[in-house]
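*Asks:* What follows is a single structure, and I will ask about it in a moment.
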Amino acid sequence: MRLVVLLCGFLLFTPAAFAEEGDEPEEDAVPEIIYMALTPQFTVNLLGNKHYLRTSIQLQLANDEIKEAIEANDPAIRHTLNCIVKQQPSGRYFKQQR
């Protein structure tokens, strides 16, 4: 849950930080959409039952400035995502078989 809040906050407030006074969006302009994969895949050991989770994460970005900011902070972002995911009990991701 923290991950979702972190990413949403980052993606929502970053464009406002880079905006300059007088910047007005053009009504007919089509927004540029960039997809950025966080590579390599995440492999995280989960708490309990010797399970691990392997996942790929892809971000949808509004412009190249945000992409550059994410690339500059990639190690910190990856570390935070790993910490959040590995703290979850394995039962959250896997159904227990009897």
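*Asks:* Hey, does segment 14-31 have a residue that's polar (S, T, N, Q) and modelled with pLDDT under 70? Full working, then the answer.
*Replies:* At the first step, the residues of segment 14-31 found to be polar (S, T, N, Q) are 14.
Adding the requirement that they be modelled with pLDDT under 70 leaves 14.
Yes, some residue in segment 14-31 is polar (S, T, N, Q) and modelled with pLDDT under 70.
Conditions tested, residue by residue: (1) of a type in the set (S, T, Y); (2) within 17 Å of E32 (Cα to Cα); (3) in contact with a Cys (Cβ under 6 Å, 6 or more places away or on another chain).
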{"residue": "T43", "(1), (2), (3)": "yes, no, no"}
{"residue": "I57", "(1), (2), (3)": "no, no, no"}
{"residue": "N63", "(1), (2), (3)": "no, yes, no"}
{"residue": "K67", "(1), (2), (3)": "no, yes, no"}
{"residue": "N73", "(1), (2), (3)": "no, no, no"}
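*Asks:* Look at segment 42-88 and say how many of its residues are among the hydrophobic types (A, V, I, L, M, F, W, C), surrounded by 14 or more Cβ atoms within 10 Å (Cβ to Cβ) and not in a helix (DSSP H, G or I). Write out each step before concluding.
*Replies:* Step one: of segment 42-88, the residues among the hydrophobic types (A, V, I, L, M, F, W, C) are 42, 44, 46-47, 53, 57, 59, 61-62, 66, 69-70, 72, 76-77, 81, 83-85.
Now drop any that are not surrounded by 14 or more Cβ atoms within 10 Å (Cβ to Cβ), which leaves 42, 44, 46, 53, 57, 59, 61-62, 66, 69-70, 77, 81, 84-85.
Those left that are additionally not in a helix (DSSP H, G or I): 42, 44, 46, 53, 57, 59, 61-62.
Total satisfying the criteria: 8.
The values are calculated or read from the model by the stated rules, or taken from the named source; none is laboratory data. Since we're looking at a predicted model, the values are computed, not measured. With ideal geometry, Cβ positions are generated from the backbone for all residues, glycine too; neighbour counts draw on all protein chains shown.
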